[in-house]
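J.: Before I ask anything, let me first share the structure, which is written out below as structure tokens.
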Amino acid sequence: MRFAAFSSGEQEGLAVAAPNGDFHGLLSGDPGFPGSLDILVRKGSHALDEAAAVLEKGPVVDLDRVTLNPPLSAPGKIICVGLNYVDHSIESGFVVPDYPTIFTRFTSSLIGAGASIIRPTVSTQLDYEGEMVAVIGVGGRHIAEQDALNHVIGYSIFNDASVRDFQKKSPQWTIGKNFDDTGAFGPYLVTADELSPGAKGLSLQTRLNGVVVQNGSTDDMVFSVARLISILSEAITLSPGDILVTGTPSGVGAARKPPLFMKHGDVCEVEIEGIGILRNKIEDEWSPRSEASAA
């Protein structure tokens, strides 16, 4: 199943893809609206099945004529993994880790497909990072690696747009990874049964203005989805609705010579085989200073 969360006017909506590729859905004010993906994921896979059956009977939704939202607008935890591709570790000047490099994002940074990633006024070093997302559907602690994929309800796409100079201001990456409107997430939640176990073997490509800048495979991850869940759950109780952003392959702008950073008017696309294409424009942040200078 493939779900899209959206807004139309003042109402939230949810749609599911039919076998012919059309999306059918309902708005929050419609009779029978099953609820948001945040709610459904927390209820489990049976709730997604029931929601899909209802949504398929709804009218066709043209996703080009609505506002796409992040599949989950309020994940309990956004756990991100750095340096999870060998080539990216090397290009970034780090040794390939023997334990995952973990940081977190906040929900205030999330935007949906089609929304603008905002380049902040305080920096010109806005970089792209195409990544796959695993969505937790069954919580737990001390999860064995061989059981870990039973805890994943679906997958999505993320652009972990990073403000590099702020990322490097301290040993912790938090600020550079959490500027408002820099965490593009979507456009769909694809249920785990639609993909290979652990979403292995999927091509991952990032394009900036149509030019391929990252080209990898989820097979290249240092720590697989199952391994990450097992390791994380040694310390952290995972909950339904948590998302795991699993790292980016090589080709980031900061590692290029000269560096390649995103600027106003650029279009960045992240495509993952079997999941979809996450497309966002880049827009400069409004500021009183920029308005004053324009006047």
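Coordinate-derived values only; no laboratory data. Since the structure is predicted, the reported quantities are computational estimates derived from the model, not experimental observations. As a convention, Cβ positions derive from the backbone with ideal geometry for all residues, glycine included, and neighbour counts pool all protein chains shown.
J.: For T101, which sequence-distant residues (separation of 5 or more, or a different chain) have an amide H within less than 5 Å of its own amide H, given hydrogens modelled in the peptide plane?
T.: Sorted by chain and number, the residues that satisfy this are G82.
J.: Let me ask another. Could you list which residues have their amide H under 5 Å from that of A184, counting only those 5 or more apart in sequence or on another chain, with H placed in the peptide plane?
T.: Excluding prolines and chain starts, which carry no amide H, the hits are I111, N159, A161.
J.: Moving to a separate point now. Taking the Cα centre as origin and putting +1 on Lys and Arg beta-carbons and -1 on Asp and Glu beta-carbons, what dipole magnitude results for the chain, to the nearest 20 debye? Could you put the intermediate results ahead of the total?
T.: Values: 22 positive and 36 negative charges, 135 e Å.
The dipole magnitude comes to about 640 debye.
J.: How much mean residue ellipticity at 222 nm does the chain get from its helices, if each DSSP H run of length 4 or more adds -39500 (n - 2.57) and you divide by all residues, to the nearest 500 deg cm²/dmol?
T.: Dividing the helical sum by the residues of the chain leaves -3500 deg cm²/dmol.
J.: Using θ = phi - 60° and the Karplus form 6.51 cos²θ - 1.76 cosθ + 1.60, what ³J(HN,Hα) does each residue of the stretch 243-259 get, whole Hz, x for Gly and Pro?
T.: Whole-Hz 3J(HN,Hα) from phi for the stretch 243-259: 10, 10, 8, 8, x, 10, x, 5, x, 4, x, 5, 8, 7, 10, x, x.
J.: Can you compute the equivalent ellipsoid semi-axes for the stretch 2-68, i.e. the square root of 5 times each eigenvalue of the Cα gyration tensor, sorted largest first and rounded to whole Å? Present the calculation step by step, with values, prior to reporting the outcome.
T.: Working: eigenvalues 57, 39, 21 Å².
Taking √(5λ) for each Cα gyration eigenvalue gives 17, 14, 10 Å.
J.: Turning to a different aspect of this structure: In whole Hz, what ³J(HN,Hα) sequence does the stretch 80-94 give by Karplus (6.51, -1.76, 1.60; θ = phi - 60°), x for Gly and Pro?
T.: 10, 10, x, 6, 9, 10, 4, 5, 5, 4, 5, 5, 8, x, 10
J.: At S203 and D284, where each label point lies 7 Å from the Cα along Cα→Cβ, what is the point-to-point distance in nanometres?
T.: It is 3.6 nm.
J.: Using a Förster radius of 30 Å, what is the FRET efficiency between D98 and E10 based on their Cβ-Cβ separation? Nearest 0.05, please.
T.: Numbers: r = 50 Å, r/R0 = 1.67.
Step by step, r from the Cβ atoms, then E = 0.05.
J.: With no solvent and one point on each alpha carbon, what is the Debye value of log10 I(q)/I(0) for the chain at q = 0.07, 0.12, 0.13 Å⁻¹?
T.: Each listed q corresponds, in turn, to -0.25, -0.75, -0.87.
J.: Name the residue farthest towards the positive end of the dipole of the chain from the options G201, F166, V41, assuming +1 on Cβ of Lys and Arg, -1 on Cβ of Asp and Glu, about the Cα centre.
T.: Of the options given, the answer is F166.
J.: List the aspartates and glutamates whose Cα lies under 18 Å from the Cα of K200, skipping any in the same chain that are fewer than 8 positions away.
T.: Partners found: D87, E131, E145, D147, D219, D220, E271, E273.
J.: How many angstrom separate the Cα center of the stretch 65-92 from the Cα center of the stretch 165-219?
T.: 5 Å
J.: For a quick check: sort I90, I143 by the number of other beta carbons within 10 angstrom, fewest at the front. Intermediate results must be reported in sequence, preceding the final value.
T.: On the way: I90 14, I143 23.
Arranged by neighbour count, lowest to highest, I90, I143 become I90, I143.
J.: So, one more: Name the residue from L27, W286, F6 whose Cα lies farthest towards the positive end of the charge dipole of the chain, charges +1 on Cβ of Lys and Arg and -1 on Cβ of Asp and Glu.
T.: The residue sitting most towards the positive pole is W286.
J.: Still on this structure: Please list the three semi-axes, largest first and in whole Å, of the ellipsoid equivalent to the stretch 32-166, using sqrt of 5 times the eigenvalues of its alpha carbon gyration tensor. Numbers along the way, then the final one.
T.: Working: eigenvalues 187, 105, 28 Å².
Largest first, the stretch 32-166 gives 31, 23, 12 Å.
J.: Please turn the phi angles of the stretch 67-72 into ³J(HN,Hα) values with the Karplus equation 6.51 cos²θ - 1.76 cosθ + 1.60 (θ = phi - 60°), one per residue in order, whole Hz, x for glycine and proline.
T.: Per residue, the Karplus-derived 3J(HN,Hα) values read 9, 7, 9, x, x, 10 Hz.
J.: Give, to the nearest whole percent, the P(r) tail of the stretch 159-295 beyond 25 angstrom, counting all Cα pairs. Before the final figure, lay out the partial values.
T.: Values: 3443 of 9316 pairs.
Summing the P(r) of the stretch 159-295 above 25 Å gives 37 percent of all pairs.
J.: Next question. At what distance in nm do the modelled label points of E50 and T107 sit from each other, each positioned 7 Å from its Cα along Cα→Cβ?
T.: A separation of 2.3 nm, rounded to one decimal place.
J.: A further question on this structure: Cα to Cα, under 26 Å, and not fewer than 8 places away if on the same chain: which lysines meet these conditions relative to K168?
T.: Result set, ordered by chain and number: K77, K177, K257, K263, K281.
J.: Near the amide H of N215, under 5 Å away, which other amide H atoms are found, from residues 5 or more places off or on another chain, if H is placed in the peptide plane?
T.: T206
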